[in-house]
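Data block below; observations after.
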Amino acid sequence: MSPELDKALCEKYPEIFRDRHGDKMTTAMCWGFEHGDGWYNILDSMCHLIQARIESDSNYIKWCLENGTTPPEKIPQVVAVQAKEKFGTLRFYYDGGDNIIHGVVAMAEEISGHICEVCGDAGKIRDEGWIRTLCDKHARQDDDSYELEHHPV
């Protein structure tokens, strides 16, 4: 992903991406987002839902404490460990969260198989060589660059 979009996500969701520049011995986020710009909106929406869930939980716990009710266990903050493309779809590995957040991540990963990784338009998984999710335009460009690489004129 481009440095500008990388920076935008990290600034918008500092708790989720707090290890973005962490040590490679503790997080794979040190290598950044290992996918194209086309999945930025998927990640942005996913992170928005994750952080909203965590903040809503914190507000509910606060309300319980203020009203003398036993609060539920706090949902652990989600911290990204790795964000990458694998077998044509987004993979988002993380610590923390709960079952609802797990569902949000699973949905984002599934949606990525229908969105061009390059531009964000509708796409489909292509497995000519490297498995990627691409729109028709970028699939043609990918085929052309493969042909030039492997069968130079």
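Laboratory data are not the source of any read-out in this text; all were calculated from the coordinates shown. Note that the structure is predicted; figures quoted are calculated from it, not measured. Using ideal geometry, Cβ is built from the backbone for each residue, glycine included, and neighbour counts are taken over all protein chains shown.
Some points to look at:
- With both residues required to sit in the chain, DSSP beta bridges show an antiparallel share near 85%.
- Candidate values (i) 23, 21, 14; (ii) 26, 17, 14; (iii) 37, 16, 12, label of the one derived for semi-axes √(5λ) of the Cα gyration tensor in Å: (iii)
- Taking region 1-116 and dividing mean pair separation by its residue count, relative contact order in percent (alpha carbons under 8 Å, at least six apart): 27
- Residue by residue, region 37-49 carries 3J(HN,Hα) couplings of 5, x, 9, 4, 5, 5, 4, 4, 5, 4, 5, 4, 5 Hz when phi is fed to the Karplus relation 6.51 cos²θ - 1.76 cosθ + 1.60 (θ = phi - 60°); x denotes Gly or Pro.
- For the listed peptides 60-72, 82-94, 3-15, 38-50, a ranking on the average number of other beta carbons within 10 Å per residue, highest first, reads 38-50, 82-94, 3-15, 60-72.
- With a Cα cut-off of under 18 Å and a minimum spacing of 8 residues unless on different chains, the lysine pairs in the chain number 6.
- The chain - mean residue ellipticity at 222 nm from DSSP helices (-39,500 (n - 2.57) per run, n ≥ 4, rounded to 500): -14500 deg cm²/dmol
- Here the extension length gained between SER2 and HIS102 equals 33.4 nm, from 0.36 nm per residue of separation less the Cα-Cα distance.
- Rounded to the nearest 20, the Cβ-based charge dipole of region 3-112 about its Cα centre (Lys and Arg +1, Asp and Glu -1) stands at 120 debye.
- Cα gyration tensor shape of region 1-65, rounded if a/c is under 1.5, else prolate or oblate by comparing a/b with b/c: oblate
- Put the Cα centre of region 15-66 next to the Cα centre of region 75-125 and the gap is 11 Å.
- Fully extending the segment from SER58 to GLU34 would add 5.5 nm, taking 0.36 nm per residue of separation and subtracting the current Cα-Cα distance.
- Residue-span extension gain [LYS137 to HIS21] - 0.36 nm each, minus C-alpha spacing: 38.4 nm
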